[in-house]
Amino acid sequence: MSVVALVPAAGRGERLGASVPKALVEVRGEPLLIHAVRGLLDAGRVRHVVVAAPPALVDATAKLLADAGLPADVIAGGADRTASVGLALRHALDVIPDTRVVLVHDAARAFTPPAVIRAVIAAVEAGARAVIPVLPVADTVKQVDTGGVVLATPDRSALRIVQTPQGFDAATLVSAHALADSATDDAGLVERLGIPVATVLGHPHAMKITTPFDLAIAESVLAVVQQSERSPVEQSSDRKQGV
Ligand code: CTP
Ligand code: MG
């Protein structure tokens, strides 16, 4: 089945507060967008990647990806995340009309492990129309009113933190975006159609980079991932040299 990945990367990153849009902020010397697209391609199943970039940065983003040797189409994103995904989806279906599986993956979740990406694709291929990676909630969560007074304590065991990539059967995602509604994730639109959304286990490394604190965590996450990817011989030579 043809798998296409859409990467919304057109946000400004206001909460991060960097001098460039968040997708272009570097972690260990490379922009988040490059890490995210490389992760998708490294999973080994994605045929085509479409990136939604800030409109003024389409050419610069395309050059960045090309220079990194990562094949991807870059289009101008929209006013919010849902609009950016909708525009990327339209482009993807124009370019690859026989697309069967669509992944939607935030550039801000640049370190999702390839195994999670493959698990999402596998669940769609096994028949789910919408699939999201999730993690259990570690903290107690309260619902509050507009004044901050607690209204309720939802049962944490029934709550999940949601990550990306989210995977969809292409026709389902097209119907969801045809609602012309907005949501913080694409599965939220699918839910409005009454279509069940399945879950697979996510991973802490698929955290969303929102604040400077998250960026600091991401630096450490990537250091650990890069170290574990090195061969045992390289690691032992590092130890001998006291690296
Ligand atoms: N996004 C997008 N188009 C927009 C807004 C957001 O493609 N108009 C993307 C972001 O680039 C990001 C993802 O959607 O990869 C998730 O959004 P978020 O984490 O909120 O990123 P930003 O909107 O950039 O950050 P902020 O809300 O802090 O400004
Ligand atoms: Mg945002």
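The values are calculated or read from the model by the stated rules, or taken from the named source; none is laboratory data. Remember, predicted model here, so these are calculated numbers, not experimental data. When we count neighbours, we look across all protein chains shown, and the Cβ atoms used for this are built from the backbone with ideal geometry, even at glycine. Ligands, DNA and RNA are stripped out before the accessible areas are found, and what is left, the full protein with its side chains, is counted by its heavy atoms. Shrake-Rupley method; radii C 1.70, N 1.55, O 1.52, S 1.80 Å.
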- [ ] For F168, F111, give the ranking by accessible area with the largest first, probe 1.4 Å.
- [x] F111, F168
- [ ] Please report how many Lys pairs in the chain have alpha carbons closer than 28 angstrom, counting only residues at least 8 apart along the chain or sitting on separate chains.
- [x] 4
Open item on the list: If amide hydrogens are placed 1.01 Å from N in the peptide plane, which non-local residues have theirs closer than 5 Å to the one on V51?
Closed with: V7, D73, V74, I75
TODO: Compute the signed sum of charges (Lys and Arg +1, Asp and Glu -1) over the other residues within less than 10 Å, Cβ to Cβ, of T164.
DONE: -1
Open item on the list: Could you compute the net charge surrounding V74? Neighbours are other residues with a C-beta less than 14 Å from the C-beta of V74; K and R count +1, D and E count -1.
Closed with: -2
Open item on the list: If I histogram all Cα-Cα distances within the chain using bins 10 Å wide from 0, what percent of pairs lands in each bin?
Closed with: 7, 30, 35, 20, 6, 1
Task: D145 accessible area, 1.4 Å probe, all protein chains in place, Å² to nearest 10 - done: 60
TODO: Would you mind listing how long segment 102-155 runs along its three principal axes, going by Cα atoms, in whole Å with the largest first?
DONE: 44, 26, 19
Task: GNM flexibility winner over the chain from L70, L159, L103 (Cα, springs under 10 Å) - done: L159
Open item on the list: Per residue, how large is the accessible surface of the chain? Use a 1.4 angstrom probe and give square angstrom.
Closed with: 49
Task: Carbon/sulfur fraction of accessible area - the chain, other protein chains in place, 1.4 Å, % - done: 56
